[in-house]
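Visitor: What follows is a structure written as structure tokens; I'll ask about it next.
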Amino acid sequence: MSHKVSSCEVLVVGGGIIGAACARALALRGLKVAICEPGPDPAAASAASAGILGPQIERTDEALRALGLRGRDLYEILGVALADATGIDIGLWREGIASLAFDDAEAERLREAVADQRQAGLRCDWLEAADVAERFPAAAPCLGAMFAPEDGAVDAPALTRALRADAQRLGARTFSTRVNRIHKILGRVTGAEIPAGKIRAEHVVIAAGAWSTQIDHLPRHLPVEPVRGQMAAAPWPENMPRTVLYYDHGYVLARSGEAIFGSTMERVGFDGSVTPAGIAEITASARRIIPQLPAQPTRTWAGLRPLTPDGRPIVGPDPDVRGLWYATGHGRNGVLLAGLTGEIIASLVATGASEVEIASLAPERFTS
């Protein structure tokens with residue numbers, strides 16, 4: 001791109017899973033979209049993600065669970081649409097997730113969670129120890145498990161690729177550059193500044209994950225903190241059916257012939273490195289769940305997840321600057337909420353309203 005001014009209707013800052021989902025949904029509505037993505041950061045969250053769709057398994061608040069359920073179910077439609085348009089299979093798998101209990105306190109907590117969810121009208125079961133042994137023969141003997149039959153997973157890197165490819169097919173342009181700052185005049189966005197010049201835009205969507213805080217001239221402080229999640233993979237045992245199992249905050253899932261396990265939650269700033277202690281911790285947790293996993297993973301990596309103080313993402317309009325929108329701070333729920341976040345942002349930009357209730361995600365909730 002030259003130094004001359006480029007222009008678009010909507011500039012999406014960030015090309016990870018959230019930025020890509022927003023760009024695709026906006027382009028689907030016929031808007032002229034540009035994505036600024038400085039290139040794959042080795043610590044970016046999307047590529048590092050296990051891709052779990054577990055709104056019923058992850059501990060969360062009522063508002064976030066309701067959004068998570070919508071986000072999860074949306075993949076049924078989105079997966080088909082993306083496969084048709086791009087030929088990329090997002091690897092949607094929905095055969096249920098079990099969260100295992102190895103002590104009485106955890107069994108009690110999980111039984112209460114099952115009762116709570118059933119009361120809310122959700123499909124959720126308590127599996128006795130014998131049921132777990134029968135359904136998940138590779139799992140370690142446990143006291144029982146909470147089972148959410150509609151939870152599952154997607155292949156997060158494939159999903160990100162498919163969203164980007166579809167956005168490009170629909171006319172979105174991608175610039176391999178970072179955004180230094182946004183421009184605004186009289187309470188309205190006019191575009192953004194990049195190292196090579198300016199991009200004029202009527203709308204700017206901040207979707208840069210943990211890096212959203214590094215964009216200058218935002219009208220408010222975004223309390224989004226990078227939280228490192230270390231991950232590891234080993235060959236998936238041959239005789240074992242594909243599954244997703246949780247224990248506390250650790251999990252093991254099958255993807256493309258590998259067992260993927262994770263994940264730490266470390267506040268170490270923008271350090272995306274892998275540590276022996278972190279890998280030892282998640283490997284021990286994974287082998288607690290499935291004892292026949294190898295003691296040494298075949299590969300390891302880490303991603304920086306953008307976490308907010310209340311664990312909910314920041315999605316919606318800036319109250320003071322027209323044309324400025326946020327889609328960041330998704331923490332551990334980026335993949336789960338990506339498709340839904342794209343729909344919300346596209347609807348807000350195109351019509352000024354969202355049919356999804358997003359008051360609990362408002363950017364001003366931290367400052368008011």
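The values are calculated or read from the model by the stated rules, or taken from the named source; none is laboratory data. Predicted, not measured: the structure shown is a model, and the values here were computed from it. Cβ coordinates were reconstructed from backbone atoms using ideal geometry, including for glycine residues, and neighbour counts include every protein chain displayed.
Condition check ((1) within 16 Å of the chain's Cα centre (by Cα); (2) within 26 Å of residue 360 (Cβ to Cβ); (3) not in a loop (DSSP other than H, G, I, E, B)) across all residues:
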residue: 7; (1), (2), (3): no, no, yes
residue: 18; (1), (2), (3): yes, yes, yes
residue: 22; (1), (2), (3): yes, yes, yes
residue: 50; (1), (2), (3): yes, yes, no
residue: 80; (1), (2), (3): no, no, yes
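Visitor: Just checking, which of 319, 363 is surrounded by fewer than 20 Cβ atoms within 10 Å (Cβ to Cβ), at pLDDT 95 or above and under 18 Å from residue 224 (Cβ atoms)?
Guide: Step by step, each of 319, 363 is checked, and only 319 is surrounded by fewer than 20 Cβ atoms within 10 Å (Cβ to Cβ), at pLDDT 95 or above and under 18 Å from residue 224 (Cβ atoms).
Visitor: Which residue out of 177, 190, 160 is touching a helix residue (DSSP H, G or I) at 6+ places or on another chain (Cβ under 7 Å) and among the hydroxyl-bearing types (Ser, Thr, Tyr)?
Guide: 160
Visitor: List every residue pair whose Cβ atoms lie under 9 Å apart, where the two residues are 6 or more positions apart in sequence or sit on different chains, the first residue falls within segment 65-77 and is under 20 Å from residue 162 (Cα atoms), and the second residue, located anywhere, is part of a helix (DSSP H, G or I) and among the small types (Gly, Ala, Ser).
Guide: 71/338; 71/339; 74/339; 75/339; 77/339
Visitor: In segment 258-306, how many are assigned to a loop (DSSP other than H, G, I, E, B) and under 23 Å from residue 42 (Cβ atoms)?
Guide: 15
Visitor: Further question: Go through segment 322-349 and count every residue that is on the phi > 0 side of the Ramachandran plot and either in a helix (DSSP H, G or I) or surrounded by fewer than 24 Cβ atoms within 10 Å (Cβ to Cβ) (or both).
Guide: Counting residues in segment 322-349 that are on the phi > 0 side of the Ramachandran plot and either in a helix (DSSP H, G or I) or surrounded by fewer than 24 Cβ atoms within 10 Å (Cβ to Cβ) (or both) gives 2.
Visitor: Moving to a separate point now. Please go through segment 83-103 and give me each residue that is over 18 Å from residue 57 (Cα atoms), among the acidic types (Asp, Glu) and either touching an Asp or Glu at 6+ places or on another chain (Cβ under 8 Å) or in contact (Cβ under 8 Å) with a residue 24 or more places away in the chain (or both), ordered by number.
Guide: Correct list: 89 only.
Visitor: Restricting to segment 272-299, name every residue that is among the hydroxyl-bearing types (Ser, Thr, Tyr) and crowded, with 18+ Cβ neighbours inside 10 Å.
Guide: Of everything in segment 272-299, those that are among the hydroxyl-bearing types (Ser, Thr, Tyr) and crowded, with 18+ Cβ neighbours inside 10 Å turn out to be 283, 285.
Visitor: Further, regarding this structure: I need a count of the residues in segment 245-282 that are farther than 22 Å from residue 93 by Cβ and among the hydroxyl-bearing types (Ser, Thr, Tyr). Break it down stepwise before answering.
Guide: So the first thing to find is which residues in segment 245-282 are farther than 22 Å from residue 93 by Cβ, and the list is 248, 264-281.
Subsequent filtering for residues that are among the hydroxyl-bearing types (Ser, Thr, Tyr) retains 264, 273, 275.
Matching residues across segment 245-282 total 3.
Visitor: For segment 85-106, indicate whether the set of residues that are crowded, with 17+ Cβ neighbours inside 10 Å, over 18 Å from the mean Cα position of the chain (by Cα), under 30 Å from residue 166 (Cβ atoms) and among the hydrophobic types (A, V, I, L, M, F, W, C) is non-empty.
Guide: yes
Visitor: Identify all residues within segment 1-32 that are closer than 21 Å to residue 335 by Cβ and hydrophobic (A, V, I, L, M, F, W, C); write none if there are none. Quick ask: steps written out before the conclusion?
Guide: First, the residues of segment 1-32 that are closer than 21 Å to residue 335 by Cβ: 12-28.
12, 13, 17, 18, 20, 21, 22, 23, 25, 26, 27, 28 - these are the residues of segment 1-32 that are closer than 21 Å to residue 335 by Cβ and hydrophobic (A, V, I, L, M, F, W, C).
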